[in-house]
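Chemist: What follows is a single structure, and I will ask about it in a moment.
The values are calculated or read from the model by the stated rules, or taken from the named source; none is laboratory data. All values derive from a computational prediction rather than experimental measurement. Positions of Cβ are backbone-derived with ideal geometry, glycine not excepted, and every protein chain shown enters the neighbour counts.
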Amino acid sequence: MDNTEKLPERIRRYRQNLNMSQEELAEKSGVALSTIQAVEAGQAYPALGIFVKLSRALGQRLGTFMDDQFSPDPIITRIEDRDKALARHVASVSEGFTYYPLGAGKNDRHMEPFFVTIDADADAKFSTHEGEEFIIVVSGEVSLDYAGEHYVLKPGDSMYYNSIVSHKVAAANGQPATIYAVIFTPMD
């Protein structure tokens, strides 16, 4: 069973361990009840911003829902071994983004590093969540809408921003793109 299949079980288990209903999780996280129901039923895989909100509302770091094993430092992910531990998002949540986790196995991490592919026609949505994001464009061009401004970044360009501010990352100019992304979400 891969993490895509385990995620609904993990979210449901943490929610139930807190004696929290789906409605309460929706209220606490700011995520629509229908999205939570679809995620727990295994019908949708949450976009990263939604994933951060759910993990935060459940009092867990993002990696808690992704990790299956512990690996001692350093964590090295070879390009030829990079697994799709997070599946392509289901259309009803966020379509066209594929996340490859780069920190799985480091249980004490405070950041979530990913390699991300963005389809040319990805259904990018605005997101807000606590923390910070750092992105480096690897290939293609990436558009960033942030705080009412629009930016286009080329390979080698980077962006670092507070993710509590409404933002949207997408492929630009009708071409796919790839990025490295590091998400930091503070825990209380």
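Chemist: Please find, among ALA41, ALA26, the residue that is surrounded by fewer than 14 Cβ atoms within 10 Å (Cβ to Cβ) and hydrophobic (A, V, I, L, M, F, W, C).
Modeler: ALA41
Chemist: In segment 149-180, how many are part of a strand (DSSP E or B), at pLDDT below 95 and either assigned by TED's automatic domain parsing to the domain that holds ALA47 or farther than 30 Å from ALA57 by Cβ (or both)?
Modeler: Qualifying residue count, segment 149-180: 0.
Chemist: Scan segment 42-59 and tell me whether some residue there is of a type in the set (Ser, Thr, Tyr) and at pLDDT 80 or above.
Modeler: Yes.
Every residue, every condition in (1) of a type in the set (Asp, Glu); (2) surrounded by 15 or more Cβ atoms within 10 Å (Cβ to Cβ), yes or no:
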residue	(1), (2)
ILE136	no, yes
GLU141	yes, yes
ASP145	yes, yes
GLY148	no, no
LYS154	no, no
TYR160	no, no
ALA171	no, yes
GLN175	no, no
TYR180	no, yes
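Chemist: Between residues in segment 42-62 that are touching a residue at least 60 places away in the same chain (Cβ under 8 Å) and closer than 15 Å to TYR100 by Cα and residues that are polar (S, T, N, Q) and assigned to a helix (DSSP H, G or I), which pairs lie under 6 Å by C-beta distance while being six or more apart or on different chains?
Modeler: LEU62/SER55
Chemist: Also, I was wondering about something else. Just for segment 113-148: of the residues that are assigned to a loop (DSSP other than H, G, I, E, B) and among the small types (Gly, Ala, Ser), which one is nearest to ILE179 (Cα to Cα)?
Modeler: So in segment 113-148, the residues assigned to a loop (DSSP other than H, G, I, E, B) come out as 119-126, 128-131, 140-141, 147-148.
This time we only want the ones that are among the small types (Gly, Ala, Ser), so: 120, 122, 124, 131, 140, 147-148.
Values: ALA120: 13, ALA122: 14, ALA124: 14, GLY131: 19, GLY140: 9, ALA147: 21, GLY148: 22 Å.
My answer is GLY140.
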